[in-house]
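> The structure's right below; bear with me while I get my questions together.
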Amino acid sequence: MTETLTREATETADLVKTIFIAVAPGTVWEYLTKQAHIGKWYQPAHADLAPGSDYAMGKDGARTIWGHIMEWHPPQRLVTTFNVGPLEGRETTVTWDLVAVAGGTKVTMTHAGIVPEMAEECAILGHLDAGWDAHLASLRGLAS
Amino acid sequence: MNQTAEATFRALADPTRRAIVALLAERDLTIGAVAENFDMTRPAVKKHLTILEQGALIQVEAKGRERINRLNPQGLQAVTDWVAQIDLFWSRRLDTLKDIIERETKND
């Protein structure tokens, strides 16, 4: 089961998901970065991920998901840019934070930039949770 | 991203259009009434309203000779759907990641 941290997502317009996996962070890191493992849960990777390099994933050599490795701190933190066709060139970032906890690893995935900044200004994500009345209130706030 | 969400984002990408949305959140307005609030020509305002309509953020209703612009509360649905789609994508990927790792390491 994954859990969406709704409050945080509303404030930052980032999608944040946390999951517990019953292995050490070093093992999770291998599954996030090694070509041999990535395809099992994500998309077939064209190569191992490596610090400072570009990456691409997709079946039969197709580039379905691609980006650049921005931060590389094994086995704690991995930050990548994330592009996918439907984003139409709008670049987003995906951050993985691995924290050792009793019996395993707390894995937090943060996907930032999925809603354009301008839309954030209009408090669109607020609307997702707070409902239309609150949304109208924030729009009135913009007008004043 | 689906087409409507993209149109909605495009509609919101301009500060004048965001200001128009804020105005229409207060009350329904004719094109002329919207234009009074901005230092621009009526055709320029009409152009902005058309883009907002394409983004499903407003609805335009003909009332006699007037055209009344009104906010469309459903307009943000496309954006909501877009975020939900990404949410579901990651939920599935993360569930699979957990399953695969825990299954494979158990056998080590």
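> For region B:78-106, give me each residue that is touching a residue at least 60 places away in the same chain (Cβ under 8 Å) and more than 7 Å from chain A (Cβ to nearest Cβ).
Taking region B:78-106 and keeping what is touching a residue at least 60 places away in the same chain (Cβ under 8 Å), we get B:78-79, B:81-82.
Across region B:78-106, the qualifying residues are B:Ala78, B:Asp81, B:Trp82.
> Give the residue that is nearest to A:Phe82 (Cα to Cα), with candidates limited to residues of region A:18-42 that are open to solvent by less than 40 Å² (accessible area, probe 1.4 Å) and assigned to a loop (DSSP other than H, G, I, E, B).
A:Tyr42
> Give region B:56-85 a look and list any residue that's in contact with a helix residue (DSSP H, G or I) (Cβ under 9 Å, 6 or more places away or on another chain) and at positive phi, or say none.
Hit for region B:56-85 is B:Ala56, nothing else.
> Tally the residues that are within 22 Å of A:Ile69 (Cα to Cα) and either more than 10 Å from chain B (Cβ to nearest Cβ) or hydrophobic (A, V, I, L, M, F, W, C) (or both), restricting the search to region A:20-35. Talk me through it step by step, then tell me what you get.
Restricting attention to region A:20-35, the residues satisfying the condition of being within 22 Å of A:Ile69 (Cα to Cα) are A:25-35.
Narrowing the set further to residues that are either more than 10 Å from chain B (Cβ to nearest Cβ) or hydrophobic (A, V, I, L, M, F, W, C) (or both) leaves A:25-26, A:28-29, A:32-35.
Adding up the residues that qualify gives 8.
> Give the residues of region B:1-19 that are touching a Phe, Trp or Tyr at 6+ places or on another chain (Cβ under 8 Å) and open to solvent by less than 20 Å² (accessible area, probe 1.4 Å), sorted by residue number.
At the first step, the residues of region B:1-19 found to be touching a Phe, Trp or Tyr at 6+ places or on another chain (Cβ under 8 Å) are B:1-2, B:5, B:16, B:19.
The answer is B:Ala5, and nothing else.
> Right, here's the next one. If you go through region B:25-62, how many residues are over 29 Å from A:Ile114 (Cα atoms), open to solvent by 70 Å² or more (accessible area, probe 1.4 Å) and in a helix (DSSP H, G or I)?
Result for region B:25-62: 3.
> Among the residues of region A:84-107, count how many are within 16 Å of B:Asp87 (Cα to Cα), open to solvent by 10 Å² or more (accessible area, probe 1.4 Å) and modelled with pLDDT under 95.
3
> Now, a different point. How many residues are buried (at least 16 other Cβ atoms within 10 Å of the Cβ) and out of contact with any strand residue (DSSP E or B) (no Cβ under 8 Å at 6 or more places or on another chain) if we restrict to region B:81-92?
Looking only at that region, the number is 1.
> I would also like to ask the following. Checking B:Ala22 against (1) touching a Leu at 6+ places or on another chain (Cβ under 8 Å); (2) open to solvent by 30 Å² or more (accessible area, probe 1.4 Å), which single condition isn't satisfied?
Answer for B:Ala22: the failing condition is (2).
The values are calculated or read from the model by the stated rules, or taken from the named source; none is laboratory data. No experiment lies behind these values; they were computed from the predicted model shown. Note that each Cβ is placed from the backbone with ideal geometry, even for glycine, and that neighbours are counted across all protein chains shown. Note: accessible area is taken over every heavy atom of the protein model, side chains too, but ligands, DNA and RNA are not part of it. Shrake-Rupley method; radii C 1.70, N 1.55, O 1.52, S 1.80 Å.
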